[in-house]
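Here the structure is laid out as structure tokens; the discussion comes afterwards.
The values are calculated or read from the model by the stated rules, or taken from the named source; none is laboratory data. Keep in mind it's a predicted model, so treat the numbers as computed, not measured. Cβ coordinates were reconstructed from backbone atoms using ideal geometry, including for glycine residues, and neighbour counts include every protein chain displayed.
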Amino acid sequence: MTLSNDFLWGGATAANQAEGGYNLDNRGLANVDLLPLGKDRKSIIKGEKKMLDFDDNHFYPALNAIDMYHHYKDDIKMFAEMGFNVYRMSIAWTRIFPKGDEKEPNEAGLKFYENIFLECKKYGIEPLVTISHFDTPMHLVKDIGSWRNRRMVNYYLNLCKVLFTRYKGLVKYWLTFNEINMLIYAPFEGAGLYVGDLTEKEKKRVIYQAAHNELVASAKATQLAHSIDSNNQIGCMVAAGKYYPYSCDPKDVYEAMLSNRKDYFFSDVQAGGSYPKYMLDMFKREGLNIQMDDGDFKLLSENTVDFVSFSYYMTRVAISNKSGVQMTTGNVFDSVKNPYLKEQSEWGWQIDPLGLRITMIDLYDRYHKPLFIVENGLGAVDKPDKDGKIYDDYRIKYLANHIKAMKDAVEYDGVELLGYTSWGCIDLISAGSGEMKKRYGFIYVDRDNQGKGTLKRSKKKSFNWYKRVIATNGENLDLDIEY
Ligand code: BG6
């Protein structure tokens with residue numbers, strides 16, 4: 001058997017894409033609540049267009065999402081039926097501290113997550129908790145400018161302290177920030193930063209200042225987690241997917257190297273423990289004047305993460321001269337199309353299972369820490385047939401090929417891997433597009449883009465397939481399965 005007996009199999013969701021119940025039990029508003037469906041979403045995500053309050057012209061899908069707030073018991077029961085022994089989910093900061101800067105936490109919010117963890121425990125499911133999945137209280141966005149302000153570190157730490165203390169013994173796997181590197185490309189979604197009125201230089205300064213503040217917060221959270229409970233295991237989480245050079249022209253190879261460095265900067269600090277010199281040089285060269293405290297470097301080097309987690313959907317391509325090349329879409333930005341990859345999702349994401357193996361080797365060789373794949377999957381339009389059944393063979397094929405590549409990395413390339421949680425194990429709101437019809441789940445949720453539907457849950461064909469994969473610890477990846 002390739003994978004160890006204690007390998008963690010499961011699925012992943014995020015509070016703002018699944019919970020709904022945005023105004024229940026004293027929950028406050030967060031940046032992610034304000035991301036509307038439609039053409040403005042991308043520029044708002046990127047912090048170019050301002051959306052600090054709801055307006056009547058937009059529909060905000062996160063407000064009700066798939067209402068996991070009321071369905072979590074049934075949903076976790078279905079996860080257990082598939083055989084999950086881990087469930088990745090996130091905390092909505094504003095359920096615990098509605099404004100972000102209160103002295104006392106909101107008991108109703110704490111109770112809600114405690115109930116979820118107890119429900120998981122009932123089925124022997126280990127929770128893997130993302131402390132912040134693109135989640136910043138709007139009060140702090142408006143009041144102090146969010147993560148550009150160092151005071152955020154303390155507010156975040158208050159949250160962590162409450163979580164680590166209250167859930168001691170219930171949760172041991174924590175991720176400090178989801179896809180921390182996304183804040184470079186999607187400053188408002190990633191870190192609550194509106195940067196639309198800034199010069200290019202000032203925008204870059206704000207983004208890297210916020211990055212520094214989050215890195216400090218992550219290290220302090222790691223320190224705190226270990227001091228409160230030595231069983232705690234803390235991971236960083238990066239949006240991975242290696243950049244390939246378009247050709248072996250050294251200029252393309254160099255471009256790819258720079259693009260990879262830009263993303264690895266975050267994990268270089270969180271897992272490697274020190275600021276890469278190339279980054280400090282860049283700050284200086286460009287006069288960015290990033291504010292750091294005296295003890296920051298020591299703190300970062302002494303509090304590295306226990307494991308490196310990442311999301312993987314696709315690889316990307318770097319080229320020195322973009323003129324004339326075809327482009328392909330991604331979550332936030334377009335990238336050069338890889339002519340060697342023949343298949344892509346309906347959203348133009350190129351499919352590259354071997355790229356997962358390549359990315360794993362890259363991350364493992366760089367940090368020598370165990371990896372955890374905490375997101376991977378295929379966003380697709382699922383159409384129930386007249387009996388309500390969903391034959392999602394395309395998803396089964398995608399997952400089988402990626403899981404095979406993941407196993408190969410473990411078996412042949414010497415990579416240590418703790419677990420695999422496929423993204424959106426139950427259909428939820430797309431982070432990039434806000435659509436409901438971009439579905440990733442094994443469980444279908446009856447809800448459409450406009451929020452209409454019964455919210456009824458039903459099993460897709462892939463539900464049975466993943467159940468068998470887990471039951472055989474990844475040994476049986478045959479595509480055929482009864483449904
Ligand atoms: C990751 C995020 O970027 O990709 C998730 O962590 C997100 O929140 C996932 O949902 C898939 O992206 P999308 O845009 O298809 O939802």
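The table that follows gives values for the structure above.
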item	result
Unique residue being modelled with pLDDT of 95 or more and within 16 Å of the ligand (Cβ to nearest atom) when the list is Ser433, Ser458	Ser433
Close pairs (7 angstrom Cβ cut-off, 6 or more residues apart or separate chains): more than 19 Å from Gly190 (Cβ to Cβ) in segment 233-256, of a type in the set (S, T, N, Q) and within 16 Å of the ligand (Cβ to nearest atom) anywhere	Ile234/Thr176; Lys242/Thr315; Lys242/Thr359; Tyr244/Thr315
Residue that is farthest from the ligand (Cβ to nearest atom) [pool: residues in segment 393-426 that are charged (D, E, K, R) and surrounded by fewer than 23 Cβ atoms within 10 Å (Cβ to Cβ)]	Glu411
Test: residue in segment 139-158 that is farther than 25 Å from Gly47 by Cβ, in a helix (DSSP H, G or I) and hydroxyl-bearing (Ser, Thr, Tyr)	no
Considering residues of segment 1-33 that are away from the ligand (no atom under 16 Å from the Cβ), aliphatic (A, V, I, L, M) and in a loop (DSSP other than H, G, I, E, B) only, the residue farthest from Lys467 (Cα to Cα)	Leu29
Test: Lys251 is over 30 Å from Met152 (Cα atoms), out of contact with any Cys (no Cβ under 9 Å at 6 or more places or on another chain) and of a type outside the set (A, V, I, L, M, F, W, C)	yes
Candidates Gly192, Gly145, Gly109, Gly196, filtered to the one that is at positive phi, of a type outside the set (S, T, N, Q) and more than 16 Å from the ligand (Cβ to nearest atom)	Gly145
Lone qualifier among Arg88, Arg95 - being over 18 Å from the mean Cα position of the chain (by Cα), charged (D, E, K, R) and crowded, with 24+ Cβ neighbours inside 10 Å	Arg95
Of the criteria (1) within 16 Å of the ligand (Cβ to nearest atom); (2) modelled with pLDDT of 95 or more; (3) of a type in the set (D, E, K, R), which one Asp263 fails	(2)
Residue check for Val162: on the phi < 0 side of the Ramachandran plot and buried (at least 21 other Cβ atoms within 10 Å of the Cβ)	no
Residue that is farther than 24 Å from Leu170 by Cα and either surrounded by fewer than 23 Cβ atoms within 10 Å (Cβ to Cβ) or in contact with a Lys or Arg (Cβ under 8 Å, 6 or more places away or on another chain) (or both), where the choices are Asp67, Asp55, Asp75, Asp25	Asp55
Selected residue (only one of Thr222, Thr165 is assigned to a helix (DSSP H, G or I) and farther than 24 Å from Glu119 by Cα)	Thr222
Residue within segment 309-327 that is over 18 Å from the mean Cα position of the chain (by Cα) and within 16 Å of the ligand (Cβ to nearest atom) present	no
Where a residue in segment 431-455 is closer than 22 Å to His58 by Cβ and its partner, wherever it lies, is at pLDDT below 95 and surrounded by fewer than 24 Cβ atoms within 10 Å (Cβ to Cβ), with Cβ under 6 Å and at least six apart	Gly432/Asn331
Candidates Glu104, Glu119, Glu81 - the one that is free of Cβ contacts under 8 Å to residues at least 12 places away in the same chain and either farther than 18 Å from Tyr173 by Cβ or more than 22 Å from the chain's Cα centre (by Cα) (or both)	Glu104
Scan of segment 225-262 for residues that are in a helix (DSSP H, G or I) and either polar (S, T, N, Q) or crowded, with 23+ Cβ neighbours inside 10 Å (or both), ordered by number	Ala225, Ser227, Ser259, Asn260
Any hit, segment 386-397, residues being at pLDDT 95 or above, within 22 Å of the chain's Cα centre (by Cα) and under 25 Å from Gln17 (Cα atoms)	yes
Identity of the residue in segment 341-378, within 16 Å of the ligand (Cβ to nearest atom) and out of contact with any Ser or Thr (no Cβ under 8 Å at 6 or more places or on another chain), that ends up farthest from Gln233 (Cα to Cα)	Glu346
